[in-house]
Every structure is written in C-alpha cells, then in structure tokens.
Amino acid sequence: MNKRRLGRGLESLLGRDEGGFDPGSGDASDLTFVAINLIDPNPFQPRRQFDPAEIAALADSLRQHGMLQPVLVRAVNDRYQLVAGERRLRASVEAQLHEIPARVMELDDQRVSELAMVENLQREDLNALEKAVAFRDYLNNYGGTQEELAGRLGLDRSTVSNLIRLLDLPEEIQDAVRNKKISQGHARAILGLPDADSQIGAFQRIIAENLSVRQTEALVATGEPTPARTRIRKDPAEQGVTSGGGKMPHVLELEKHLHSRFGTPVLIRVKSRDRGQIVIDFNSQEEFERVTTLIRGE
C-alpha cells in the first residue's frame, strides 16, 4: 500500500514506538492504571482476526517485562472503552494481569473510528477486506468523500477507492480474500469482468489452476473468464491456427519477427479473421521504455 505521512494529530496519539505519545496533540488525556475487567472492546475495531500464537507470545512478554506502552481508552459511563491497543488488551487477559496502564482520552465516535483504522494501517494488520469494510462504514457513518478520508489517513485516494471496490465482488470471492486463498491483486483483476457469473468463473479457474496475479490479468484480458462459455465453431484457418490447434506458419513467423524487433517475447492471439490481440512482454521499466520508443519510431 502506498502511504504518505499520517496526519500529525492521529500519528501523535498512537505513537510510533513503545513510549509514543504526544501530550501536546490537543486531545485531553490522563495516564492511569485501569482494571482489565472495566475495559470494553472497541466497537469500531476493523480487525476481525487475531493470531493466537502472536497473542500468546505477547502475553509471555507482558509477564516478563510488563506493558511498556499504555493502551488508549475513553470513559463511557462508569466503564472504559478501548480506543487502541487491542492486541495488548487481549494479551493482558491471557497473561492474567489485573490492571494495565492506560491513557484516558476525550474522543467522539468519529475520532475513535479513525484511530482504530490508523493503528492497524500503521502496523499493516488488516487484510484488504477488513480495510474495505472499515473505509465503507466510516463514509456511511460520517459522510465525506473518499479523497477526504484518504487525506485523514495519509493514503492515496486510489488506495481507498480500489479497496472499497472489492466489496462489489461476490461474497464467495470476498471470503477467499479474507482467508488468503487469493490475493488482493487477484481480486482487483477479477473486478475487470462485467458480471458476477464471469467473476466467479475466473475465481474458480484461479483456484483450480493456481494462477498467479499476472496470469489472472491475462485471463481477464482474453475475454475468456469461464470455461463453460459456449463457443461457435469456426474455420481454424480463420483463427490463424491449423486443424491440429497449432498456430499457422505466417502467425508464427510474425511472432518471431516482432520478437526480434522488440527484443522481448511477443504473443499473437488470433480470435477470428479480423480480430485478435498482440501482447508484447516487458519485465522492467527500462524494457518498457525501450519497447515504447520502438513503437513510436523515435
């Protein structure tokens, strides 16, 4: 994810290290020790999955060294509500601690929601779907534009937009991203298909054939996302292939010529007598610039 520096107010509240807190941030705070059984979860926590082994390791550290960085909480009636420090709170419960250091903040719901997102974005704990849901819910609850939200979180607008678009995918594909069966790159490529049926068809091929992101992008680009699509049989010669399925000699010769011309692999896909694709491969920025220079005739 492309990150810029986070807004000074949010960054100073959370801190970048174990002692990180800026009392001059403008939000009233008070450092105290709070009984764990008085701290309720953060209702705006975007993260849904916590690694049990990670929590156990942190609990061992807390038993040996104590908590070096306080959690952030806010007072709600006669109890406290967690703002930031979910892993530390869970580890404290596992370590059977009775009370932990906490900063008591005066924050409204919108500020708490922002801090919960920033805490996880700083540490890259959220998966793509958790981020997408957090961004969508924030905009639904508090309004504003994607660009404004991106500015508050220190992100590019395109990052926020691309993540929210993942929520347009069928639930089956969203679950696969959550469970790391496919990557965000796979999901973004699938979004290039026009409807849910073709998207699910492409997803099934990704799983069955263990396709890479690049292979998935090529699959989407061919217009053949589903193996079940019915095709009209055509004369093989019209598609530039022999009766045995191989490419016609003139197509192979042209591929060879273009390969020699550009110094990189070139693939010709002939779909009919007058339709097809020419795919020119490149593996670096320098190679891309060289190929485009040759195409322009410069």
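The values are calculated or read from the model by the stated rules, or taken from the named source; none is laboratory data. These figures come from a predicted structure and were not determined experimentally. Neighbour counts run over all protein chains shown; Cβ positions are idealised from the backbone, glycine included. For accessibility, only protein heavy atoms count, side chains too; no ligands or nucleic acids. Shrake-Rupley method; radii C 1.70, N 1.55, O 1.52, S 1.80 Å.
Of the residues D108, D274, ranked by 1.4 Å probe accessible area with the largest first, the sequence reads D274, D108. Of I280, I295, I182, the order by accessible heavy-atom surface (1.4 Å probe, DNA, RNA and ligands excluded), from most exposed downward, is I295, I280, I182.
Near E99, the amide H atoms lying under 5 Å from its own belong to I36; only residues 5 or more places off or on other chains count, and H is placed 1.01 Å from N.
A simple rule links phi to the HN-Hα coupling: the Karplus curve 6.51 cos²θ - 1.76 cosθ + 1.60 with θ = phi - 60°, which for the range 174-184 gives 4, 4, 5, 5, 4, 8, 6, 6, 9, 8, 4 Hz, with x for Gly and Pro.
Amide hydrogen proximity for V83: with H placed 1.01 Å from N in the peptide plane, the residues at 5 or more positions away or on another chain lying under 5 Å are L72, V73, R74. Accessible area of K181 (1.4 Å probe, protein heavy atoms only, ligands and nucleic acids ignored): about 140 Å². Along the range 127-143 the Karplus relation, 6.51 cos²θ - 1.76 cosθ + 1.60 evaluated at θ = phi - 60°, assigns HN-Hα couplings of 7, 4, 6, 5, 5, 4, 5, 4, 5, 4, 5, 4, 5, 5, 7, 10, x Hz to successive residues, with x for each Gly and Pro. Relative to one another, the C-alpha centroids of the range 267-298 and the range 36-78 are positioned 53 Å apart. For the set T293, T222, solvent exposure ranked by accessible area (probe 1.4 Å, protein chains only) runs largest to smallest as T293, T222. Between K271 and L191, the contour length at 0.36 nm per residue exceeds the alpha carbon distance by 26.5 nm. Projecting label points 7 angstrom from Cα along Cα→Cβ for D51 and L258 puts them 4.4 nm apart.
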